[in-house]
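Notes to accompany the following structure.
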Amino acid sequence: MGDGSGAAPGPATAADPLAGIDLAAAAATAGAWLEISVAADHEAVEAVSEILSRAAPGGTSVEPAFELVEDGLAARVDLARPAIVRAHLPILDPAVIRAAVARADRDLGHLQAFGMRPIGDLTAAIVLEADWANAWKAHFPVLRIGRRIVIRPTWRRHRRQPDDIVLALDPGMAFGTGLHPTTRLCLAALESLGDRALVDHGGADGAPARVLDVGSGSGILSIAAAKLGAREVLAVDVDPIAVEASRANARRNRLSRVIRAREGSAPSGEGPFDVVLANLIASLLITLADGMVTDLRPGGTLIASGIFLTREAGVVEGFGARGLVLVNRWEEGDWVAMEMRRPPS
Ligand code: SAH
């Protein structure tokens, strides 16, 4: 993957992405938008999306490289090939567009200089709304993650297998579409807890688990936990947009009665929980460790993800200092998720 397959690193003197585009003419055309896009290694997708979203108030879409399998009913994401991150800018004032594109181009250059994975050049094109309003949906397939968890974009159909846990998601937001390896690892860990009846019978008395999802984002982990049989899920996030997304996605899955989303973090003050889920980054996991352990009942399970391989020992140590014991780990690429247990008191 380090060979930059396909996504050539942009040379420092990359051409102006707007060269040859007549913004003034486009501004006078009804339904014309500027589409900007970048090919990015999947590890760089989040950072690239963030940069493009600063230019595009409507947000970005991420189109993973995938191949259709099972007669086109399912898809397999190809993580070795770059994903395409796209954003659409309304063309009102050409000068504003030029400034936004120049800034995105510069920020992408900085990201490249940070030694991130390969990022392609920023490219731009005028597109007509009628063409892309629905066309982008073709880029989001139904995704199977692990053995039984299936992410179904809301407009797609899925022929369910008897064991399938199907999450209906609107991947308007980049994070939590199941694309990012840290989310996939967390779902794999959750599936494994499910297989061991630690969700549907995860309570101290064998009752369905109470689950806390710290940094819920799109709510994907909360929905998976609820579908695996949790009794109650509290989804907290410091970002109000994430809280709204978690709530909307819970509703979409008819889980509003099980999942409650609100602004917050750990400790939530609403413990004890039987299971705590946290897909954050290593430093934040360590900072929040005290709060999360406070929220976790003795004998309860914590799933921590978002951990770069090089930070694994530090995270194990951080939670170890608070009495937690590592019982399982899952790895994908440079990322690790772990399952830790708080010893029974
Ligand atoms: N759980 C989702 C999203 C993970 S992204 C998934 O697995 O895909 C991490 C989320 O943590 C973001 O939505 C971010 O807003 C949130 N976050 C960042 N700092 C936080 C904090 N201190 N407490 C709670 N949430 C936080």
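Each value in this text was obtained by applying a stated rule to the coordinates, not by laboratory testing. The model shown is predicted, which means the values in this text are computed figures rather than measured ones. All Cβ positions, even for glycine, are placed from backbone atoms using ideal geometry, and neighbour counts span all protein chains on display.
Restricting attention to the chain, close to 60% of DSSP beta bridges with both partner residues there are antiparallel.
The H on the amide N of Ile307, modeled in the peptide plane, is under 5 Å from the matching H of Val336, each at least 5 residues off or on a different chain.
Relative protection proxy for 302-308, 98-104, 198-204, 84-90, from highest mean packing down: 302-308, 84-90, 198-204, 98-104 (other beta-carbon atoms within 10 angstrom).
Each residue of the stretch 290-298 was assigned a 3J(HN,Hα) from its phi angle through the Karplus expression (A = 6.51, B = -1.76, C = 1.60, θ = phi - 60°), giving 3, x, 5, 5, 4, 6, 9, 6, x Hz with x at Gly and Pro. Helix 94-113 and the long axis of the chain differ in direction by around 50°, with both axes built from C-alpha atoms.
Count charges around Arg86 for me, please; just the other residues with Cβ under 12 Å from its Cβ, Lys/Arg as +1, Asp/Glu as -1. The partial results should precede the final answer.
Working: positive: none; negative: Glu35, Glu63.
Once all neighbours under 12 Å are counted, the net charge is -2.
If you take every residue apart from Thr60 with its C-beta less than 13 Å away from the C-beta of Thr60, what net charge results, scoring Lys and Arg +1 and Asp and Glu -1?
Numbers: positive: Arg54, Arg86; negative: Glu35, Glu46, Glu50, Glu63.
Taking every Cβ under 13 Å from that of Thr60, the sum is -2.
Taking every Cα-Cα distance in the stretch 284-325 and sorting them into 10 Å bins from zero, the calculated P(r) comes out as 28, 61, 11 percent.
Taking the C-alpha atoms only, the angle from helix 45-55 to the longest principal axis of the chain is near 50 degrees. Close amide H pairs (under 5 Å, H built 1.01 Å from N) link Ala261 with Ala235, residues at least 5 positions away or on another chain. Taking the convex hull of the alpha carbon positions in the chain and averaging its projected area over all directions gives 18.0 nm².
Once the other residues with Cβ under 14 Å from the Cβ of Asp22 are scored (Lys, Arg +1; Asp, Glu -1), what is the net sum? Spell out each step's value before the answer.
Numbers: positive: Arg98; negative: Asp16.
Net local charge, Asp22 excluded: 0.
Can you tell me the orientation of helix 181-195 relative to the chain, as the angle in degrees between its alpha-carbon axis and the longest Cα principal axis, to the nearest 10? So the helix axis and the longest Cα principal axis differ by about 30 degrees.
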